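Inspection log for the structure reproduced underneath, given as structure tokens.
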Amino acid sequence: MSGGAATPEAPSYRVWALPGMPEVRSGDDLAKLIAATEPGLVDGDILLVTSKIISKAEGRIVEAADREAAIDAETVRVVARRGTLRIVENRQGLVMAAAGVDASNTPAGTVLLLPEDPDASARAIRDGLRDTLGVEVGVVVTDTFGRPWRNGLTDVAIGAAGVRVLDDLRGGTDAYGNPLSATVVATADELASAGDLVKGKAEGLPVAVVRGLSHVVDGAGGPGHGAGSGGSGSGDSGSGARALVRVAADDMFRLGTSEAVREAVTLRRTVREFTDEPVDPGAVRRAVAAAVTAPAPHHTTPWRFVLLESEESRTRLLDAMRDAWIADLRRDGKSEESIAKRVRRGDVLRRAPYLAVPCLVMDGSHTYGDARRDAAEREMFVVAAGAGVQNFLVALAGEQLGSAWVSSTMFCRDVVREVLDLPAQWDPLGAVAVGRAAGVPREREERNAEAFVAVR
């Protein structure tokens with residue numbers, strides 16, 4: 001015999017659907033129904049339970065001749081809409097089609113809602129199996145999702161108990177010694193998908209069992225189990241599948257296209273207090289790119305944006321503008337106290353880490369030799385320039401940048417042109433303070449759109 005070391009066993013697991021589950025009715029104890037099938041569970045097994053049977057057991061069947069009304073009731077926020085299809089955030093915090101309201105596998109005239117708290121449902125099944133069979137298992141509640149960028153459906157975890165839902169590998173290294181800085185594995189979702197392969201969608205097999213992965217089960221005694229194994233939710237049966245839901249601040253794809261535009265318009269607020277965080281010049285240039293898509297007369301491009309990216313350029317401009325403003329106010333007979341207050345109110349531009357000065361140019365405008373028509377021609381260009389500035393502000397909001405459009409440069413255009421060395425035909429249209437908001441803006445007063453509409 002050779003004295004060589006034994007070949008290590010290759011990692012593997014087994015997954016099978018659990019036969020013998022009866023039709024589930026409201027009030028049924030799912031743990032007892034599962035135990036009654038004599039599933040042969042052992043410590044470290046993982047049960048994958050279709051959310052439909054949990055909803056039925058918890059009485060989440062509701063009369064609903066109009067499924068759309070049921071979707072409305074379960075919707076917190078519309079993410080995207082195309083025709084009758086709606087992708088929404090539901091009451092459980094999940095982003096999915098139709099809020100998870102299901103009209104299949106339920107009597108006509110009724111719909112099935114998702115469990116109110118899938119994590120709590122998973123805990124109840126886990127605790128019930130421990131009491132009934134004396135085994136320490138993990139439980140994952142599954143539901144079927146579509147996914148951005150990918151065709152087809154797959155099962156994902158919407159509830160969990162006793163399972164490490166995320167395996168955080170950050171801080172480790174790969175096989176080549178490269179550091180892992182962004183690798184967090186959605187273990188519970190991978191388990192849910194594995195179960196779907198054997199449960200199917202219409203085979204009447206709502207429960208599956210996974211064996212061989214006890215290291216992801218809390219308290220099962222497998223290698224690497226428990227809180228010491230690392231990772232978000234590692235070994236924490238209390239964290240549940242909620243840990244899989246990305247929080248809004250980290251969600252780069254929170255809205256659909258049309259919804260994102262409407263949301264950016266709504267979120268565009270005047271911000272007067274900024275943090276010291278530097279502004280990304282690339283983000284401002286992307287906002288300028290959006291600004292110059294605004295409509296304009298005669299196929300012209302009446303917008304120019306002067307970007308003041310250095311503190312020296314901002315200070316030089318604002319000092320010159322302040323001196324001009326004070327001189328104007330003194331000519332108006334304002335008191336020194338009144339002037340000081342007005343200057344302080346205008347300091348929003350000084351508090352911003354970045355300034356942009358939008359300008360109007362009349363290149364391509366028509367001259368009619370008639371005062372009325374010439375005035376109307378200029379108004380068209382001014383309106384187009386304003387549309388460009390609005391695009392600019394909305395795009396900044398989409399970049400998570402606050403802004404304040406202040407009109408002050410319009411009152412001292414000659415000063416601005418001289419300080420910034422601008423062509424004589426560039427007319428400054430105020431200045432835009434840009435930066436990260438230092439706080440949450442006050443709630444905007446609700447406005448009824450009908451008050452601004454005239455129908456003929």
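The values are calculated or read from the model by the stated rules, or taken from the named source; none is laboratory data. What you are looking at is a predicted structure, and each value in this text was computed from that prediction instead of being measured. Cβ: placed from backbone, ideal geometry, glycine included. Neighbour counts: every protein chain shown. These area figures cover heavy atoms from the full protein model, side chains too; ligands, DNA and RNA do not enter into them. Shrake-Rupley method; radii C 1.70, N 1.55, O 1.52, S 1.80 Å.
Could you pull out the residue among 193, 121 that is in a helix (DSSP H, G or I), closer than 21 Å to residue 21 by Cα and free of Cβ contacts under 8 Å to residues at least 40 places away in the same chain?
Checking each option against the conditions leaves just 193.
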Return the residue satisfying two criteria in turn: it lies in the stretch 159-183 and is assigned to a loop (DSSP other than H, G, I, E, B), touching a residue at least 12 places away in the same chain (Cβ under 8 Å) and aliphatic (A, V, I, L, M), and of such residues it is farthest from residue 123 (Cα to Cα). 182
So, of the residues in the stretch 328-351 that are open to solvent by 70 Å² or more (accessible area, probe 1.4 Å) and not in a helix (DSSP H, G or I), which turns out to be nearest to residue 409 (Cα to Cα)? 332
Show the residue pairs meeting these rules: Cβ distance below 9 Å; 6+ apart or different chains; first residue within the stretch 11-32 and at negative phi and assigned to a strand (DSSP E or B); second residue surrounded by 12 or more Cβ atoms within 10 Å (Cβ to Cβ) and basic (Lys, Arg). 14/211; 15/211; 16/211; 17/199
Give the residues of the stretch 398-421 that are surrounded by fewer than 20 Cβ atoms within 10 Å (Cβ to Cβ) and touching a Ser or Thr at 6+ places or on another chain (Cβ under 8 Å), sorted by residue number. 405, 420
Subset of the stretch 298-327 that is open to solvent by less than 60 Å² (accessible area, probe 1.4 Å) and touching a Gly at 6+ places or on another chain (Cβ under 8 Å) - its residue that is farthest from residue 389 (Cα to Cα): 300
Considering only the stretch 352-374, how many residues are at pLDDT below 95 and of a type in the set (Phe, Trp, Tyr)? 1
Among the residues of the stretch 427-456, how many are in contact (Cβ under 8 Å) with a residue 40 or more places away in the chain and not in a loop (DSSP other than H, G, I, E, B)? 8
Within the stretch 326-350, residues being in contact (Cβ under 8 Å) with a residue 60 or more places away in the chain and over 43 Å from the mean Cα position of the chain (by Cα) number 1
Filter the stretch 413-426 down to the residues that are of a type in the set (A, V, I, L, M, F, W, C) and under 27 Å from residue 268 (Cα atoms) and list them by number. 416, 426
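Restricting the search to the stretch 352-393, which residues are assigned to a loop (DSSP other than H, G, I, E, B) and of a type in the set (A, V, I, L, M, F, W, C)?
Of the stretch 352-393, the ones assigned to a loop (DSSP other than H, G, I, E, B) are 352-353, 361-370.
Passing the criteria: 352, 361, 362.
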Restricting attention to the stretch 16-32, the residues that are over 19 Å from residue 104 (Cβ atoms), within 39 Å of the chain's Cα centre (by Cα) and open to solvent by 40 Å² or more (accessible area, probe 1.4 Å) number exactly 4
If I filter the stretch 404-424 for residues that are within 20 Å of residue 261 (Cα to Cα), part of a strand (DSSP E or B) and modelled with pLDDT of 90 or more, do I get at least one hit? yes
Taking the stretch 352-377 as the region of interest, how many residues are open to solvent by 90 Å² or more (accessible area, probe 1.4 Å) and not hydroxyl-bearing (Ser, Thr, Tyr)? 2
Conditions: (1) without any contact (Cβ under 8 Å) to a residue 40 or more places away in the chain; (2) over 30 Å from residue 214 (Cβ atoms); (3) outside any strand (DSSP E or B); (4) open to solvent by 40 Å² or more (accessible area, probe 1.4 Å). Residue 105 meets all but one. Number of the miss? (1)
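Only one residue in 49, 88, 62 is surrounded by fewer than 18 Cβ atoms within 10 Å (Cβ to Cβ) and in a strand (DSSP E or B). Which one?
62
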Being of a type outside the set (Asp, Glu), farther than 27 Å from residue 268 by Cα and either open to solvent by 50 Å² or more (accessible area, probe 1.4 Å) or in contact with a strand residue (DSSP E or B) (Cβ under 8 Å, 6 or more places away or on another chain) (or both), is that true of even one residue in the stretch 427-441? no
Which one of these is out of contact with any Ser or Thr (no Cβ under 9 Å at 6 or more places or on another chain) and open to solvent by less than 30 Å² (accessible area, probe 1.4 Å): 140, 156? 140
